[in-house]
Every structure is written in C-alpha cells, then in structure tokens.
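The values are calculated or read from the model by the stated rules, or taken from the named source; none is laboratory data. Just so you know, these numbers come straight off a predicted model, no measurement behind them. Backbone-built Cβ (ideal geometry, glycine too); neighbour counts: all protein chains shown. Quick note on the areas: whole protein, heavy atoms, side chains included, nothing else; ligands and nucleic acids left out. Shrake-Rupley method; radii C 1.70, N 1.55, O 1.52, S 1.80 Å.
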Amino acid sequence: MTDWNPETVAMRLQEAAKTAHRLPPAKVTGHFNLWPPFVRTGIEGFAQDESPPRFLPSPREVERMLEVIGWMNWLEVEQRKLLWMRAERYRWDEIAHCFGYSPRTAQRHWRVAIFTLVRHLQGELPEVAGR
C-alpha cells in the first residue's frame, strides 16, 4: 500500500502526462499511399522532415497512466482540466488565464483537487457512481 500524499499524487499525474505524450499518434486506418518513395538528391535530403525517433512507453507505464486517468472520475470536469494542465507543466498564470482566476486562486483550486484525490486514495471518501 502506498502512502498517498499530495506530492506523490502530483508526481503520478506528471508521470501520466509524460506517458500520454509518448504514446503513438492515433491514425485513421484504411488510408495508404500508392506513390513510390521519392529518391532525393544530396541537397534535397537536408530539407527532408524526419522526426526524431519516438520511444514508446512500456506496458507498465501505460497501466500506471490508465490508473491515474481512472482517478479523474472522482473530480469535477474543471478540476480534471486544471490538474492535467499543471501535470503538463503549464505555468500558473497560463492556467489562471484559461480559467479566469488569479494565479493564487488557481493554486488553491489545484490544491483542493489534489487533496480530494488523496482522500479518495486513502479510502476516506466514498466512490460516487455516475460521475
């Protein structure tokens, strides 16, 4: 059993956000290209858009991310967005502007949401169905 505290929950949220960014992009299936690949000359090769290699998350990391996403059912929609924005390392002034708060008020709302998750994880609050 993990000793749940606000720091642990915040770290798990940041880990889940990082894992979500490492997942492969969703693509529409059924579309493909019949054109042959272009053979580029030396100069044209420099203009090629090659994205850096993507390191996919391990199944364990995906399971932990899905567990954190399941925790979000305990929160209101606004709290979910606020926690996820902070987990993605948005600055407090950006978050505050998005929600129409002052930065200090955004921090208080974030703290309330984190403590709500902590209390649920410690078993102090009942799980509400239908949320």
* Across the stretch 71-85, what is the total count of residues that are in a helix (DSSP H, G or I) and either of a type in the set (A, V, I, L, M) or under 12 Å from the mean Cα position of the chain (by Cα) (or both)? -> 8
* Close pairs from the stretch 8-26: first more than 12 Å from R64 (Cα to Cα), partner among the β-branched types (V, I, T) and exposed (fewer than 14 other Cβ atoms within 10 Å of the Cβ), Cβ under 9 Å, at least 6 apart -> T8/T2
* To do: Those residues that are β-branched (V, I, T) and over 24 Å from P126 (Cβ atoms), I need them from the stretch 73-106; list them, please.
  => I95, T105
* To do: Scan the stretch 9-32 for residues that are under 20 Å from A113 (Cβ atoms) and either out of contact with any helix residue (DSSP H, G or I) (no Cβ under 8 Å at 6 or more places or on another chain) or small (G, A, S) (or both) and report the count.
  => 6
* To do: Go through the stretch 86-98 and give me each residue that's in a helix (DSSP H, G or I) and either under 18 Å from the mean Cα position of the chain (by Cα) or of a type in the set (D, E, K, R) (or both).
  => R86, A87, W92, D93, E94, I95, C98
* Subset of the stretch 11-26 [open to solvent by less than 20 Å² (accessible area, probe 1.4 Å) and closer than 20 Å to W110 by Cα] -> L13, A16, A17
